[in-house]
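Below: one structure, written as structure tokens.
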Amino acid sequence: MVLNSYLKYVFWGFLALFSLTAYSQNNVTTVYFHAWGGSPQINQYINWVGEEVERNHGIKLKHVKLSNTSDAVTLVLTQKASNKTAGTVDLIWLNGENFASMAEHKLLLESWAEDLPNFRLTNALDNGDITYDFGVSTLGRESPWGRASLVFYYNSEHFTVPPSDINALLAWAKTVPYRFTYPHVDDFIGISFVKYALLALNQNADYESDKELLFKPYDEEAFNRVTKQLWQYLDQLHSVMWRKGQFFVKDSGWLKRLFDDEEILLSYTFSAGEIPSAVDRFELPKATRSYFMEDGSLSNVHFVTIPFNAPNAEGAKIVANFLLSPVAQAKKSQPSVWGDATVLDSTVLNTQQRALFLSDDIHPSAASNSANTRKLKELHPTWIVPLKQAWKARYDN
Amino acid sequence: MTINKWPAVLLCSLIILPALGGSIAVVLPAFGYLPALEQTQFTFSIFNQLFSSQGFYSSVRLTIMSSVFSILIAVITSLIFAAYYYEKRKLASLSTSLRPLLVLPHAAAAIAIGFVLAPSGILIRMLSPDVTGFVLPPSWAIPNDGFGLVMTLSLALKEIPFIMLLMVSVIYQVQRTSLFNQYVSAAQSLGYSAFSSFILILWPQIYPLIRLPIFAVLVYTSASIEIPLILGPSSPSTIAITLLTSLNDVDLQQRLTASALAVVQILVSVVSIFIWIVIEKLGEKSRLMLAHPNKANTIFAPIKYIVRLLFFIIVGFMLIAFFGICLLSIAGHWPFKSVLPLNFTLQNWMSAIHSIQTPLFNGLWIGLTVALVCLGLCVTTLEATSSSIKLRALVTKLIYVPLLIPMVVFMFGASFIVTLYFEFSPIFSVLLLHFVVVAPYVWIALVQQYEDLDPRLISVAKTLGASQMKVFVEVKLPLLKQTFAVAFALGASISFSQYLPTLLGGSGNIDTITTEAVALASGGSRRLISVYSLIQIIMPMVVFSIANLISGRGLLRGGNKLA
Amino acid sequence: MLELQNVKIYQNGKVILSVNEQVEPGQFLTIMGRSGSGKSTLLNWIAGQLSSDFNAKGSLILNGKRLDNVATERRQIGLMYQDALLFPHMTVEQNIAFGMKQQMNKKQIIHDYLQSVDLEGLGERMPDSLSGGQQSRVSLLRLMASEPKAILLDEPFSNLDEEVKITTRQFVLDQLKQTSVPVVMVTHDKEDANAVSGKLISLNSSC
């Protein structure tokens, strides 16, 4: 059977070939950075970071574009489960629940962030949110990257005065029905709206102490008391929401597209700088205007973390350090690049460094009242799951 | 004879072991066994929890109904198209021109359909505000309607080209073509119209031969993800989507629920097949009832009129969708009330071209390599089973294993096992996982044409002293050039559109156009997504054209033989 | 010399054909019988192409060599069917050259062949542009060019028109006689049997 032997050799030859190419791929100076890849601008910024770290440190930064941050969590967990020491993830962009989950399952490298040379520029002592991720202490397992605050935006072509707080939002929705929505609570942006509503509605709570309870571990009785108003609010809101609350979009990208399509006229995002640059990229209408709610803006810090089994932890630390550098932070904060607020404290920067942050771009779509914004702290992470479950019990048909 | 069995054994093992092994690995945690999370007790509590969870039964119902109905619609539509165009002798060319649609990635198709049907979609835009009076998009509940109608219709639309292709490959098999013509002539002389004769006489002979592939399509549809995600309702969603959501959940305990859902998914697919078999029986009964020329002709006559209409609607729809996506890819601002974008820009194309180099290269060489290896192994197996028809028939049946187990069920387990053993080479894992899903299609694309070759030609060649190698190279290969080329192009295209195998095999570190597109889909840049969708549409077309050129058929020529 | 020693062909355990014959070089063994009597199966067995639906017992000896376990392509036994079965993707010349063992002077030899059958100049033509009779002749040339040590004919003229049949039969059988190799011919046409010399076996459906 000459034919068989011949093809057999070809086949094994091929297999040998791939195995060879496979071996040559393991590159010690590569850093695999797993980060959400839905935003072309953020992707471009990360690209720039890659160019810089290659130039300065000879590191090849590989941006692994995730559609869900939890994909990276799953990956590391699976690797731990299979007891193989070789990991494939060097650096992950995350915060909140994803961080809490990885911490709980001991998937993170311990105590490295505070040793980074640039860490002192964050002035962690005076800025509590640098070392607390949604109320969980970071313990040096993640390095801060940027600050996000909930900002709303509306289509000024169809109305000129947007609602300025949570109650005004409901009133507005009644007069301009079916033109607002928020994503399903399984999405980070979706649950953030619900959290904002919960915090805002409880600002003037009957029990002063209730306000504080939201930042302490979950308590069922407090939960029921505190969420009563929330459900009443949402019941009313849903009936005048887009699709009457019968369908919730899956993620923030979808929400943004609805706004671009003019199916909704009011929306929100965590990334204030995203809006002007989206308008410039034709992804949002020209008449888009953004602003912060007067009753407060849900704020958090987002971080980068290193898994316990990172193949190139040293390289990852260098990248994390670069991300904290004034040059990188300043560039990131420019609206034309990303518009993500810095985690550096200007009081510890020198004049040269501070100058990097000055910019003249005043974009018509950029939020103007940021200086006056009240920052709303995130809820304690133990409230999230009960909140999601209660929402789903009420609203998932 | 043991030497001759190795290709078949190798082919089948490479395909079946990951599929079965993967399924077991995913299903075990459903019964409580997941050491990684310190669960080692077998228990049914996870299932109990799942069954009592909210929306579970409506999710099951939605999944089963949408998959059965969509395939039913697809089969019926294909049948009436085939009956109509068979008479006009245009069936083969019709089917060949539908071929590129086969390899259109589901996500791109869903996005395109969504863009046409949405209240802010291109259709309504074109009619607003002049015809409809809408200044803003109407608050209609489609797509993503609660009953899943849009989703069902879209699934049907996506599968029509495939089912037509199946039918054509049976009808135009060499020994069958003239036989079928004779049947139809005979029936016509008894008073049946050509249309009726196709349905009542040819179809019952065609169907048994395409039954197994249709089961595979049914299973695939019951577990499909992209179309339900983009066009289906959110609560309940289908089982497959709930499965994926559980797997992505930060709460790692949800992995157990995910496994339980995988078991449910398998059961749902099985139930769908059972329901389908019931429908088959009903179809059989109604065929017998129509076995009278006048009855049949009267009932089928009006259907003939709607076929052309239906055809124009479907083709029109596809053209509008394609046109819409093309416009979007170069669109600037595009307010609802404008028919066309206010301004155009190439920035999205430029940005894509800048970033696609690595993913494009990866996708291309993975696809071409996988297609080549599949082709090589399948051809070797075909040659080695030349003398044992039974073995070949067995392989043809076994090849359906990964097609009858939903990918969302076995791929996670399979990739876990594969990456465990081939840790040193993510690329190898990806190639292997792609092989599992591509090889069945390549085999199916090859086997029939291979067997159609007149065996006497091969006998004669042998008696003239030709060794097996010489017979292959000088007789079979030239005659099967086009078949091989098409099988290769098909394999490569299927590989291009794969998401889970690439993502899981490479642990996320290997990006292809498809993985990039999926990541982008979670962002808000619809214009960029359109660019990537167009690239995903163009890639298979290019490969098919090259294959046609190489095999000497010209760029886009169709042809009577389904080669 | 071709020897069929105690050959029995079985289908589903039943003997459908039994033969024990010798064929001298240049002689014909003609086998006649109704369709389904297994005569084509016998030829398949001789050529080494027995289908798996059948079993066979007995020996095949050609020029003193036992061929029982030899692969078809090494038996040097030619086979001609009722259809010409020219390779459709090859020219006439390529068809004829297919089984030729000698590498030198191929073109000249083929040219001579074609000339001898009145098909001169048709070397570059594709098979589907030839008439039935022409195809038959090319098929024969192809067979003879491979210099077989024995030849099998499976109802070789049954697909030809009446007129063409007579001339083609005459021509083919003359050529074969000249090759002086044993020939086994299977046919249901009496005229074929009458045109050749040698043993005639008539098969019934059960033996």
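The values are calculated or read from the model by the stated rules, or taken from the named source; none is laboratory data. Being a predicted model, the structure only gives us computed values, none of them experimental. We place every Cβ from the backbone using ideal geometry, glycine too, and count neighbours over all the protein chains shown. Ligands, DNA and RNA are stripped out before the accessible areas are found, and what is left, the full protein with its side chains, is counted by its heavy atoms. Shrake-Rupley method; radii C 1.70, N 1.55, O 1.52, S 1.80 Å.
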Could you tell me which of rounded, prolate or oblate describes the range B:349-462, using a ≥ b ≥ c as the square roots of the eigenvalues of the alpha-carbon gyration tensor, with rounded for a/c under 1.5 and, failing that, prolate when a/b is larger than b/c and oblate otherwise?
prolate
Determine one quarter of the surface area of the Cα convex hull of the range B:188-344, which equals its mean projected area, and express it in nm² to one decimal.
14.8
Shielded by partner chains, the range C:39-73 residues - at least 10 Å² of accessible area, 1.4 Å probe, vs chain alone:
C:49, C:52, C:72, C:73
Expected max-MSF residue from C:186, C:196, C:117 in the GNM of chain C (alpha carbon, under 10 Å) is C:117
For chain C, what does the helix formula give at 222 nm: sum of -39500 (n - 2.57) over DSSP H segments with n ≥ 4, over the residue count, nearest 500 deg cm²/dmol?
-9500 deg cm²/dmol
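Which whole number gives the average count of other chain Cβ atoms within 10 Å of the Cβ atoms across peptide B:468-480?
3
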Lysines within cross-link reach of residue A:377: Cα-Cα under 20 Å, excluding same-chain residues under 8 positions apart?
A:195, A:211, A:216, A:388
A correct Kirkwood calculation over the Cα atoms of chain B returns a hydrodynamic radius in Å of 25.3
Accessible surface, per residue, of the range B:201-293 when the full set of protein chains is kept, probe 1.4 Å, Å²
38
How far apart, in nm, are the 7 Å Cα→Cβ label points at residue A:83 and residue C:159?
6.7
Based on the Kirkwood radius over alpha-carbon pairs, what value in µm²/s does the Stokes-Einstein equation return for the translational diffusion coefficient of the protein assembly as shown at 20 °C and 1.002 mPa s?
63
Local charge sum around residue B:232 (other residues, Cβ-Cβ under 12 Å, Lys/Arg +1, Asp/Glu -1)?
-1
Would you work out if the range B:1-145 is rounded, prolate or oblate? Take a ≥ b ≥ c from the square roots of the eigenvalues of the alpha-carbon gyration tensor; rounded if a/c is under 1.5, else prolate when a/b is larger than b/c, oblate otherwise.
oblate
Largest first, please: the extent of the C-alpha atoms of the range B:364-428 along each principal axis, to the nearest Å.
39, 26, 22
Quick check on chain A: helices-only [θ] at 222 nm, where DSSP H runs of length 4 and up contribute -39,500 (n - 2.57) each and the sum goes over total residues. Nearest 500, please.
-12500 deg cm²/dmol
Per 10 Å bin from zero, what fraction in whole % of the C-alpha pairs of the range C:108-207 is there, up to the bin with the longest pair?
13, 45, 32, 8, 2
The set of residues whose placed amide H lies less than 5 Å from the amide H of residue C:153, leaving out same-chain residues fewer than 5 positions away, is C:80, C:184, C:185, C:186
Alpha-carbon Rg with Dmax, taken over chain C, Å
17.1, 52
Determine ³J(HN,Hα), in whole Hz, for all residues of the range A:47-55 in sequence, where each value follows from phi through the Karplus function 6.51 cos²θ - 1.76 cosθ + 1.60 and θ = phi - 60°; x replaces Gly and Pro.
4, 4, 4, x, 4, 5, 6, 6, 5
What net charge do the residues around residue A:347 carry, taking every other residue with its C-beta under 15 Å from that of residue A:347, with Lys and Arg at +1 and Asp and Glu at -1?
0
In Å², rounded to a whole number, the accessible area per residue of the range B:1-146 with probe 1.4 Å is 44
Specify whether the C-alpha gyration tensor of the range A:198-338 places it in the rounded, prolate or oblate class, a ≥ b ≥ c being the square roots of the eigenvalues: rounded for a/c under 1.5, otherwise prolate if a/b is larger than b/c and oblate if not.
oblate
Residues with amide H under 5 Å from that of residue A:297, placed H, sequence gap 5 or more
A:374, A:375, A:376
Given springs between every Cα pair under 10 Å in a Gaussian network model of chain A, which of A:61, A:349, A:150 has the largest fluctuation?
A:349
For the pair C and B, the solvent-accessible area buried on both sides (1.4 Å probe; DNA, RNA and ligands excluded), in Å² to the nearest hundred, is 1800
Qualifying lysines (Cα of each under 19 Å from Cα of residue A:256; at least 8 residues distant if same chain):
A:244, A:286, B:337
Please compute the modelled spin-label separation between residue C:14 and residue A:374, points set 7 Å along Cα→Cβ, answer in nm with one decimal.
9.9
Starting from a Cα-only point model with no solvent, please compute log10 I(q)/I(0) by Debye for the range B:282-341 at q = 0.16, 0.22, 0.25 1/Å.
-0.69, -0.92, -0.98
In vacuo Debye scattering of the range A:134-208, one point per C-alpha: log10 I(q)/I(0) at q = 0.11, 0.15 Å⁻¹?
-0.43, -0.73
Counting only protein chains, not ligands or nucleic acids, how are B:327, B:504 ordered by accessible area (probe 1.4 Å), most first?
B:504, B:327
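State in Å² the accessible area per residue of chain A; use a 1.4 Å probe, count heavy atoms of protein chains only, and round to the nearest integer.
So chain A comes to 41 Å² accessible per residue, rounded to a whole number.
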Please report the net charge: other residues with Cβ closer than 11 Å to the Cβ of residue B:53, K and R +1, D and E -1.
0
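For an R0 of 22 angstrom, estimate the FRET efficiency from the Cβ-Cβ distance between residue A:232 and residue A:175 and round to the nearest 0.05.
Between residue A:232 and residue A:175 the formula returns 0.70.
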Could you identify which residue out of A:222, A:100, A:197 has the top mean-square fluctuation in a GNM of chain A using Cα springs shorter than 10 Å?
A:222
If amide hydrogens are placed 1.01 Å from N in the peptide plane, which non-local residues have theirs closer than 5 Å to the one on residue C:199?
C:28, C:30
At R0 = 56 Å, how high is the FRET efficiency between residue A:355 and residue B:372 if r is their beta carbon distance? Nearest 0.05 is fine.
0.45
Shape box of the range A:257-349 [Cα atoms, principal axes, largest first, Å]:
47, 34, 25
Of every Cα-Cα pair in chain A, the percent that sits beyond 37 Å:
27
Treating cross-link reach as a plain straight distance, find the lysines whose alpha-carbon is under 28 Å from the alpha-carbon of residue B:90, omitting any fewer than eight places away in the same chain.
B:158, B:295, B:304, B:481, B:561
Could you check how much of the accessible area of the range B:1-151 is carbon and sulfur, as a whole percent, using a 1.4 Å probe?
71
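Can you tell me the FRET efficiency between residue A:44 and residue B:542 if r is taken as the Cβ-Cβ distance and R0 is 25 Å, rounded to the nearest 0.05? Let's see the in-between values first.
Working: r = 28 Å, r/R0 = 1.10.
So the FRET efficiency works out to roughly 0.35.
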Inter-site label distance for residue B:279 and residue B:5 at 7 Å from Cα along Cβ, in nm
4.0
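When you look at the Cβ of every residue in A:253-261, what mean number of other chain Cβ atoms sits within 10 Å?
6
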Mean shadow of the range C:1-121, computed from the convex hull of its alpha carbons, in nm²?
9.6
Within the range B:352-484, what whole-number % of the accessible surface is contributed by carbon and sulfur, with the 1.4 Å probe and all protein chains included in the calculation?
69
Per-residue accessible area for residue C:54 at 1.4 Å probe radius, Å² rounded to 10?
40
Rounded to the nearest 100 Å², the accessible area buried between A and B, both sides, probe 1.4 Å, is 6800
Which whole-Hz couplings ³J(HN,Hα) result when phi for each residue of the range A:165-177 is put into the Karplus expression 6.51 cos²θ - 1.76 cosθ + 1.60, θ = phi - 60°, listed in order with x for Gly and Pro?
8, 4, 6, 4, 4, 5, 4, 4, 4, 6, 8, 10, x
